[in-house]
Amino acid sequence: MNWISNYVRPKIRALVQNDTPDDLWVKSPATGQMIFKKELEKNLWVCPYSGYHLRISARDRLKTLFDEGEYTLVELPKTMTDPLKFKDLKRYTDRIKDANAKNEDKEAILVAHGSMGGMPAVVAVFNFTYMGGSMGTAVGEGLLTAARLAVLQEAPLLVIPASGGARMQEGILSLMQMPRSIVAVDMVKEAGLPYVVLLTDPTTGGVSASFAMLGDIAIAEPGANIGFAGKRVIEETIREKLPEGFQTAEYLLEHGMVDMVVHRHELRETLIRIFNLLTQKGPAAKVLPLRDSTEDKAAKPKGNSKAE
Amino acid sequence: MQNFLDFEKPIAELAGKIEGLRHLDDQSSDVNIADEVSKLEAKADKLLRQTYAKLSSWQKTQVARHPDRPHCKDYISQLIEDFTPLAGDRNFAEDYAIIGGLGRFRGHSVVVIGQEKGADMHSRVKHNFGMARPEGYRKAQRLMDMADRFNLPVITLVDTAGAYPGVGAEERGQSEAIARSIEKCLGIKVPLISAVIGEGGSGGAIALATANAVLMLEHSIYSVISPEGCASILWRSGDQAKEAAEALKLTAQDLEKLEVIDEIIPEPLGGAHRAKQTCIKALGDSIERHLKELLKLNGAELRQKRRDKFLEMGQKGL
């Protein structure tokens, strides 16, 4: 309408934005400090100044875990889109389109296999940028695929949730992913294979109240928000302020709900040691340091099984 | 005094008129009044029939939460003989939101577990409005283990707004308690029959409802989130609960189409609370039928079929 709002403000905004192009610098959510993105990537998305663990993308996560950062993604079975024909302020199908446009991967979960410390491993990692990592039918199917693959390859299963919970737009079918995901992890357990969970920020709602809390070993990332009910819901119910550090990984450790809180730099090493201890019952297999490529991988047949 | 829901206002008005005329009738012996009463009663009946034949999802939500609706205890006292309540999770506390114990259902020794909302202010507070803490779900696991050990079928009655959201509940592992309870449901080698008698609220409900047969009363609801919760997240305002209730497809009729539940138990005209005994008996009959079928299977089959049932879900849309 006027000169100030139409012309001056956008110009100023553009100037400010040019100072900090968002693809070069990242603001630390903990301290507000600007961190050079390259440096952050090299540091596995841990703030070099405060140690704050920023969210890491699903693909970056896989790269930090597998030997030499190499893994094979598994194609996931197709599931029904929009079974309820759900519409809130927006159609669910439109939300899916938006999410697909914004994301390289077209669902809230990725399933990969490869080797960790020379041993085969299957990893299912949530893709938080895809609709908040919410668990609908496709995610349930992804977990089942991962579990079947782990059983087939006789490999440990690592699941890494990062999810606000159930996908409301799939209604009751989302709720049904709670038992379905538990059937999945029980298949792995019954095959005598380790099922390890890495709880990352956030793990809440129907995701935390199902497969995520049933790991043989439960590891949490520092500072991650983990809990059943949302903080706002609890505050509204009890009408009091919540205690300091409520629902953080450290809080869960304190209350006996997880085995350990592990810094991202020590994660791969810790996981390999655990897999080793649980599966190599004789003398220890050699544990690789982070991203070491000296191990002779050719000696181990690499699993190339496809998902059913 | 009967409680009427907001959409029952015309019915309530008629009921008020009938009541007034009856009062007059006590004092005089006018035949016309008796006539008028029966006419009005027929009208009220018709209105009730019309209203309840096309309840919206939100109206069903209201009926499912009706304060006079029969609750878990009513079902147990009418259907279970020699009910022997068992308390405690052997770890921290007794949670009155989930009641459970041994009893005899139509000739079968069974374990019964269910959420109890309470019937008056005092009992509602005692039962925490049917919202269980981790101890409730751990007690449920303990009872399911016992059922497994003694080869007793398990009947669960689901009626909860959801698991309790509180600081203590989080500290003591609400998520883990629910997850283990679902895992226990999936693991036991005895028949497990679950009935949603009022509200099937999210994780708090599925923790007891991962069953061989899942039954729902005609006007009960079962949902991943309450309409209010869904509205406040997706519409950013709790006022859109009606729209959310429609969108969530939380009625027994929708869930049957989605093949998530096995059977709908018809309710008496005007909802379970208008003829409690009839409704409770109807559910008992259905449970008995399912139990008879399930008792033909051995433990491994029961367990496998339960798993397969949940694995097959999600192939049918609306």
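Some notes on this structure:
- Listed pairs A:42/A:102; A:78/B:184; A:241/B:126; A:87/B:305; A:106/B:316 exceeding 26 Å between Cα atoms: A:78/B:184; A:87/B:305
- Rounded to 10°, Cα long-axis angle of helix A:137-153 versus longest principal axis of chain A: 20
- FRET efficiency for the residue A:191 to residue B:315 pair, using the beta carbon distance and R₀ = 25 Å, is estimated at 0.45.
- Its residues counted as N, chain A yields a C-alpha radius of gyration over 2.2 N^0.38 Å of 1.08.
- Unit charges at the beta carbon, dipole of the protein assembly as shown: most positive-side option, B:280, A:274, A:218: A:274
- The charge dipole of chain A, taken about its Cα centre with unit charges on the Cβ of Lys, Arg, Asp and Glu (plus for the first two, minus for the last two), comes to roughly 820 debye.
- Qualifying trypsin sites (Lys or Arg not before Pro) in the range B:90-141, DSSP loop, other Cβ atoms within 10 Å at most 11: B:90
- Peptide B:183-191 - average C-beta neighbours from other chains (10 Å radius): 2
- Exposure proxy ranking for A:57, B:237, B:181, based on other Cβ atoms within 10 angstrom of each Cβ and starting from the fewest, stands as B:237, A:57, B:181.
- In a simple Cβ point-charge model (Lys, Arg +1; Asp, Glu -1; nothing else charged), chain B has a dipole of about 920 debye relative to its Cα centre.
- Computed from Cα atoms, the angle from the helix A:267-279 axis to the main principal axis of chain A rounds to 30 degrees.
- The lysines within cross-link reach of residue B:17, meaning a Cα-to-Cα straight distance under 22 Å and a gap of 8 or more places when in the same chain, are B:9, B:39, B:43, B:46.
- Virtual paramagnetic centre 7 Å along Cα→Cβ of residue B:19, amide N under 16 Å, in the range B:272-303: B:274
- Average beta carbon contacts from partner chains per residue of A:180-190, 10 Å cutoff: 4
- Summed residue charge, Cβ within 13 Å of residue B:175's Cβ, Lys/Arg positive, Asp/Glu negative: 0
- When the Cα positions of A:243, A:64, A:136 are compared along the charge dipole of chain A, A:136 comes out farthest toward the positive end, with charges on each C-beta of Lys, Arg, Asp and Glu.
- Taking other residues whose beta carbon is less than 12 angstrom from the beta carbon of residue A:91, and scoring Lys, Arg as +1 and Asp, Glu as -1, yields +1.
- Rounded to 5, the percent of DSSP beta bridges in the protein assembly as shown classed as antiparallel: 45
- Treating r as the C-beta distance of residue B:92 and residue A:244 and R0 as 30 Å, the FRET efficiency rounds to 0.80.
- Dipole axis of the protein assembly as shown (+1 Lys, Arg; -1 Asp, Glu on Cβ), positive-most option in A:156, B:196, B:47: A:156
- Antiparallel content of DSSP bridges confined to chain A, in %, to 5: 50
- Between 0 and 90 degrees, the angle of helix B:174-187 with respect to the longest Cα principal axis of chain B falls at about 80 degrees.
- Pairwise centroid distance, computed over Cα atoms, of the range B:260-310 with the range B:58-112, Å: 15
- Sorting B:144, A:168 by the number of Cβ atoms found within 10 Å of their own Cβ, with the fewest placed first, yields B:144, A:168.
- Modelled FRET efficiency - R0 35 Å, residue A:80 with residue A:36, Cβ distances, 0.05 increments: 0.20
- Taking A:102, B:189 and counting other C-beta atoms within 10 Å, the order from fewest to most: A:102, B:189
- Applying 0.36 nm per residue to the separation of residue B:293 and residue B:50 and subtracting their alpha-carbon distance, the gain on full extension is 83.9 nm.
- Relative contact order of chain A, taken over Cα pairs closer than 8 Å and 6 or more residues apart, is 15 percent.
- The GluC sites (Glu not before Pro) of the range B:49-150 meeting both criteria, a DSSP state outside H, G, I, E and B (loop) and at most 16 other C-beta atoms within 10 angstrom of the site's C-beta, are B:94.
- Debye, to nearest 20: dipole size of the protein assembly as shown, +1 on Lys, Arg Cβ, -1 on Asp, Glu Cβ: 980
- Three principal axis extents describe the C-alpha atoms of the protein assembly as shown; from largest down they are 103, 77, 42 Å.
Since every read-out is calculated from the coordinates, none of them should be taken as a lab result. The structure displayed is predicted, hence computed values, not measured ones. A quick note on method: Cβ atoms are made from the backbone with ideal geometry, for glycine too, and the neighbour counts reach across all protein chains shown.
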